[in-house]
Amino acid sequence: MHPAPSIIVFTVLSGLGFGLMAWLGAGAAHGGPLVAAAFAALALGLAGAGLLASLLHLGQPRRFLRAFSQWRSSWLSREAVLAVAAISVFAAYALLWILGLRLAPLGALAAALALAAVFCTAMIYAQMRTVPRWRSPLTPAIFLLSALAGGALLADAIPAAQVLLAALALAQLAAWARGDRAVAAPDTTLASATGLGGLGAPRLLAPPHTGPNYVTREMVHVIGRRHAARLRAAGLALAAILPLAVSVALPVGHLVGAALVLSHLAGMLVLRWIFFAEAEHVVGLYYGRL
Amino acid sequence: MTDLPGRTERSLGLVIDLDTCVGCHACVVSCKEWNTSSGTGAPLADLDAYGARPEGTFLNRVHAFEVTPEDGPTRVVHFPRSCLHCADAPCVTVCPTGASYKRASDGIVLVDEDACIGCGLCAWACPYGAREMDAAAGVMKKCTLCVDRIDNANLAEADRVPACVRACPTGARHFGDLADPTSPVSRLVAARGGVDLAPEQGTRPVNKYLPPRAPVDLLAPLLDPVPAEAGGFLGWLDRALDRL
């Protein structure tokens, strides 16, 4: 799949923002109005920036309001509805917090909505039967764990962050192992996709067009797969292993904490890039690839 | 609403005969022409049409595959690929805006271009690569089974079929109601063992593909079989040379 920068930035930044909202809603971080305002601005800024980035991906961004209408059938629509709900409820919670009233039930509601929004984002990908690598419960697990781990780092909930980073690393390794197996023995093959399997083994002789088209650029993207092993290692190290090791070895103050967050953020951008770039879409079969 | 209709009154679709398709791309060209000039929906854009890297939006593409049987020579199969108007169309249910829908009356899967935000998710959900985002219009384009032809009383009766069907010079494309078991297309599918593409994807396509038939060699029965042992002068020469 084509790793569109707008979608990578959107899923990583909004994931981090919603993760922070979940922790703040659950009561993490203590301090006066200034501390509250800073944390709230950070969470809302990350989530909001991510949502704005997602608009860049649309062919007709001015019609985005229509995306709130089909929540009964579409995970993308559910994500839009829950993202706005989470931001609205959290903003109300944060405002009261800044004014000195931290309402736990309202915070819990904001936290639940934020995590539900992240879950819906992940389900957009996990529901795709056309992309065997994504179609697994590990996809929402990774999206939720990365949001919660990044949020914990930002909210200075270091012991929780350590557990979550370890879980994220394990879930990611499991997802790669499962994905590689799913792609090695796919349900859909060129034989089933063409219905020609009964005659013998089909093979592409001539593609329908010599240049690229929307389908090949969007879904038969192969550039990322060449360096997949090295990128996987770099992404996992930056996103989970390095922050985990450093937080265990060193006392986490503001400076170290910021470095951990930046490392996690950089690693998540790499991991999310691979998530798209190495994902195989079954339509590639018609073009001689999977 | 992007929920799928429980059932449709008719299931209009195509039956594509892989035995007779010669891969001429006439269906591709006529589809492009009709859906660019008919005035229904945004035209199918071409980018860099006269430059070094031309590309454009098409609703129909013709691949060529080769199939090698266990015993026998490799065969070439020309394979037109377009929207299959699936009963369980995954492109419809993922749509966040309701722009993508399946018509309850005849089962045709359509896009309301005025409601499409161009997110591209429907194209991801389709296993058949049937949807292409138009780079100029920023909305999703797909086969409409030429809805502006099939019900168009201004056209001659013979023209009230999709442009690709009308253009096919070998009669490899058939249009009709696949929900009616007595329709010509349904009888054709039954007689020729028509198949679904990628049935394991759970899409329940309406369009069917007729697999290539076993090759029929028209000339072989008319030719004398080659004798194992030659007679006459050639036989004598053969034996004489063997003895040398």
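Each value in this text was obtained by applying a stated rule to the coordinates, not by laboratory testing. Please read all numbers here as calculations on a predicted model, not as lab measurements. A quick note on method: Cβ atoms are made from the backbone with ideal geometry, for glycine too, and the neighbour counts reach across all protein chains shown.
With each pseudo-label sitting 7 Å past Cα toward Cβ, what's the residue A:52-residue B:112 distance in nm, one decimal?
Calculated label separation equals 3.1 nm.
If you count, for every residue in A:186-193, the Cβ atoms of partner chains within 10 Å of its Cβ, what is the mean? Present the calculation step by step, with values, prior to reporting the outcome.
Values: counts 1, 3, 6, 2, 3, 2, 8, 10.
If you average over the peptide's residues, the count of other-chain Cβ atoms is 4.
Compute the FRET efficiency between residue A:228 and residue B:180 as 1/(1 + (r/R0)^6), taking r as their Cβ-Cβ distance and R0 = 51 Å, and round to the nearest 0.05.
Values: r = 50 Å, r/R0 = 0.97.
Computed FRET efficiency for residue A:228 and residue B:180: 0.55.
Taking R0 as 30 Å, what FRET efficiency do you get between residue A:201 and residue B:88 from their Cβ-Cβ distance, rounded to the nearest 0.05?
Values: r = 29 Å, r/R0 = 0.95.
E(calc), rounded to 0.05, equals 0.55.
Exposure proxy check: B:236, A:23, B:34 ranked by fewest other beta carbons within 10 Å?
Details: B:236 11, A:23 27, B:34 21.
Ordered from fewest to most neighbouring Cβ atoms within 10 Å, B:236, A:23, B:34 come out as B:236, B:34, A:23.
Counting other Cβ atoms within 10 Å, keep those with at most 12, restrict to DSSP loop, and tell me which GluC sites (Glu not before Pro) in region B:34-77 are left. Could you put the intermediate results ahead of the total?
Numbers: sites: B:55, B:66, B:70; in loops: B:70.
Answer by residue number: B:70.
If we count trypsin sites (Lys or Arg not before Pro) as exposed when they sit in a DSSP loop and have at most 14 other beta carbons within 10 Å, what is the longest stretch of chain B that avoids them all? List each step's numbers first, then the result.
Working: sites that count: B:7, B:213.
Value returned for the longest uninterrupted segment is B:8-212.
Residues with amide H under 5 Å of residue B:62's amide H, sequence separation 5 or more or different chain, H placed in the peptide plane at 1.01 Å from N; which?
Counting only residues 5 or more places away or on other chains, the set is B:81.
Using a Förster distance of 22 angstrom, determine the FRET efficiency expected from the C-beta separation of residue A:163 and residue A:35, and round it to 0.05.
Details: r = 24 Å, r/R0 = 1.11.
It comes out at approximately 0.35.
Per residue of B:23-29, what is the mean number of Cβ atoms on other protein chains within 10 angstrom of that residue's Cβ? Working shown, then result.
Details: counts 3, 0, 2, 0, 0, 2, 0.
Average neighbour count from other chains, rounded to a whole number: 1.
Ranking B:38, B:30, A:146 by Cβ neighbours within 10 Å, fewest first, what do you get? Write out the running numbers ahead of the final one.
Details: B:38 16, B:30 19, A:146 30.
Placing the least packed residue first, the sequence is B:38, B:30, A:146.
Quick one: what Rg and Dmax do you get for the protein assembly as shown from the alpha carbons, in Å?
Looking at the protein assembly as shown, its Cα Rg and Dmax stand at 28.7, 117 Å.
Order of B:109, A:261, A:89 from fewest to most other C-beta atoms within 10 Å? Mind showing how you got there, number by number?
Working: B:109 26, A:261 16, A:89 20.
The fewest-first ordering by Cβ neighbours comes to A:261, A:89, B:109.
Cut-off 16 Å, label point 7 angstrom out along Cα-to-Cβ of residue B:38: give me the residues of region B:133-154 whose amide nitrogen falls inside.
Answer for this model: B:141-154.
Let me confirm one metric for peptide A:124-130, namely the mean number of other chain beta-carbon atoms within 10 Å of its residues' beta-carbons. Present the calculation step by step, with values, prior to reporting the outcome.
Numbers: counts 6, 1, 0, 5, 6, 8, 11.
That average works out to 5.
Subtracting the Cα-Cα distance from 0.36 nm times the residue separation, let me have the gained length for residue B:3 to residue B:241 in nm, one decimal. Don't jump to the answer; show the numbers that get you there.
On the way: separation 238, 0.36 × 238 = 85.68 nm, distance 8.17 nm.
So the chain would gain 77.5 nm between residue B:3 and residue B:241.
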